[in-house]
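First up is the structure itself, then whatever we jot down about it.
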Amino acid sequence: MAKRTIVTLPGDGIGKAVLDDTLRVLEAAGFIADYVEGDIGWEFWRKEGNPLPERTIKLMEKHKIALFGAITSKPKDEAFEELAPELKDKGLVYSSPIVGLRQHFNLEICVRPCKTYKGNPLNFIRRGADGGVEEPLVDVVIFRQNTEGLYGGVEWSNPDEKVYDAFMSHPKFRANFGKVPKAEISISTRIFSKERTENILRAAFDHAKKYGYKSVTLCEKPNVIRETSGMMYKMALLMQKNDYPNIELWNTNIDAQMMWLTKNPEDYGVIVAGNMFGDIVSDGFAGLIGGLGFACSAQWSKDGIAVFEPTHGSAPKYAEYETSIVNPIAMIESACMMLDYIEEKEIAIKIRKAIADVIAEGETKTYDMMKMRGTQEVIYNGAASTKQITDAIIAKL
């Protein structure tokens, strides 16, 4: 294949450390590419008033594929306080640049696989019926609608009269909030569109069909959130009946699902949900395979623009350590998802096998795998640094 150019978006905190070591793994595995770094994150908010500069948008438009590290996001008032003084009178309001990327490029399909690595000391275990210890194999892929729902950004505090009057036209709003002073009301909307709901449902069913999963589980709350979750469930029923009759459709409520995921996680295959519930259930299943140090993700649009990122945050405290201690596997796994996406599957298989071999041997473990508290001293107590576990993976390659 022709040599590619990949946009690297280190972002904030530990993003640079895990991304740099991931590029070392890609090179060692034989993936050759040009990398161009894009500006994104907290420092660009503070200095320029924009955490997602237009120049970065242009890079993405040109090259289409990006590896992303991590982002620091803070509440509205804290973000304003950290703006450069000369920017504070310009009416700027902080919004997450990764959410901005998703919405600008309509990166509507988000995929978060959660699969057990044998030998990982952080794997979920449970007590069996005979009193023995069981370690179920988790192999779940969460499809999360990435641009709508609660993360759509349609929100108000002290809404203007037109918005307030529109909500007052709903009898339940009048009954429950009609006597609350307008200035004391904040509103966040949960908007689903049929087109994008169909797209995420079909992506989930297609994945189940392609990779032999027996079921797709819709994880929403249609018994209470009747319009949005209800619409999604009706569409899923129709789609399964007409197009995927050999794949079972399961329906779970998000609250019950969070209980069941520790009862019988091996029963689930593909899970599909809206934005917020997809975020919640993917973190829940990530906890069963070792936590956020193992949680990778991909997100893409129908136009071929795709971003690959670990689901962990920027962990700014750890970024200040002289020696990086964070687990880079989630970032490396996200790069493997990129390789799958661009049809470099053989290289992805090699990297995943190298990770599996390192974990199975158990000689090199990061602080989280050793169940240590994340302090700089862990490297003096036997925990591998970010570089050391990366070196171990490269050695297997």
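The values are calculated or read from the model by the stated rules, or taken from the named source; none is laboratory data. The model shown is predicted, which means the values in this text are computed figures rather than measured ones. Every residue, glycine as well, gets a Cβ built from its backbone with ideal geometry; the counts of neighbours run over all protein chains shown.
Taking the stretch 344-375 as the range and being of a type in the set (Ser, Thr, Tyr) and either more than 21 Å from ALA17 (Cβ to Cβ) or surrounded by fewer than 17 Cβ atoms within 10 Å (Cβ to Cβ) (or both) as the test, only THR375 passes. The set of residues from the stretch 318-344 being among the charged types (D, E, K, R) and within 27 Å of VAL281 (Cβ to Cβ) comprises GLU333, ASP340. Among the residues of the stretch 75-90, those that are charged (D, E, K, R), assigned to a helix (DSSP H, G or I) and over 26 Å from the mean Cα position of the chain (by Cα) comprise GLU81, GLU86. Summed over the stretch 177-202, the residues that are surrounded by fewer than 15 Cβ atoms within 10 Å (Cβ to Cβ), assigned by TED's automatic domain parsing to the domain that holds LYS234 and more than 21 Å from GLY153 (Cβ to Cβ) give a count of 0.
Quickly run through the stretch 302-329 and pick out the residues that are within 20 Å of ILE342 (Cβ to Cβ), in contact with a helix residue (DSSP H, G or I) (Cβ under 9 Å, 6 or more places away or on another chain) and surrounded by fewer than 24 Cβ atoms within 10 Å (Cβ to Cβ). Of everything in the stretch 302-329, those that are within 20 Å of ILE342 (Cβ to Cβ), in contact with a helix residue (DSSP H, G or I) (Cβ under 9 Å, 6 or more places away or on another chain) and surrounded by fewer than 24 Cβ atoms within 10 Å (Cβ to Cβ) turn out to be LYS302, ILE305, ALA306.
Quick one: would you say SER73 is loosely packed, with under 12 Cβ neighbours inside 10 Å and among the hydroxyl-bearing types (Ser, Thr, Tyr)? Here the answer is no, as SER73 does not meet what is asked.
In the list GLU81, GLU48, GLU61, which residue meets the criterion of being surrounded by fewer than 17 Cβ atoms within 10 Å (Cβ to Cβ) and either under 28 Å from ALA295 (Cα atoms) or touching a helix residue (DSSP H, G or I) at 6+ places or on another chain (Cβ under 7 Å) (or both)? Let's see the steps before the verdict.
Details: GLU81 fails: either under 28 Å from ALA295 (Cα atoms) or touching a helix residue (DSSP H, G or I) at 6+ places or on another chain (Cβ under 7 Å) (or both); GLU48 fails: either under 28 Å from ALA295 (Cα atoms) or touching a helix residue (DSSP H, G or I) at 6+ places or on another chain (Cβ under 7 Å) (or both).
Going through GLU81, GLU48, GLU61 in turn, the sole match is GLU61.
State whether one or more residues within the stretch 67-84 are free of Cβ contacts under 8 Å to residues at least 40 places away in the same chain, of a type in the set (Gly, Ala, Ser) and out of contact with any Ser or Thr (no Cβ under 7 Å at 6 or more places or on another chain). Yes. Do we have MET331 as among the aliphatic types (A, V, I, L, M), in a loop (DSSP other than H, G, I, E, B) and modelled with pLDDT of 95 or more here? So MET331 does not fit the description; no. Which residues, counting only those in the stretch 333-362, are within 15 Å of GLY290 (Cα to Cα) and either among the hydrophobic types (A, V, I, L, M, F, W, C) or in contact with a strand residue (DSSP E or B) (Cβ under 8 Å, 6 or more places away or on another chain) (or both)? Listed by number, the residues that qualify are GLU333, ILE355, ALA356, VAL358, ILE359, ALA360.
Could you identify the single residue in VAL378, VAL307, VAL326 that is more than 24 Å from the chain's Cα centre (by Cα), in contact (Cβ under 8 Å) with a residue 12 or more places away in the chain and either more than 18 Å from LEU23 (Cα to Cα) or not in a helix (DSSP H, G or I) (or both)? It would help to see each step written out before you state the result.
Details: VAL307 fails: more than 24 Å from the chain's Cα centre (by Cα); VAL326 fails: more than 24 Å from the chain's Cα centre (by Cα).
Going through VAL378, VAL307, VAL326 in turn, the sole match is VAL378.
From the list GLU161, GLU134, GLU108, GLU148, the lone residue that is without any contact (Cβ under 8 Å) to a residue 12 or more places away in the chain and surrounded by 11 or more Cβ atoms within 10 Å (Cβ to Cβ) is GLU134.
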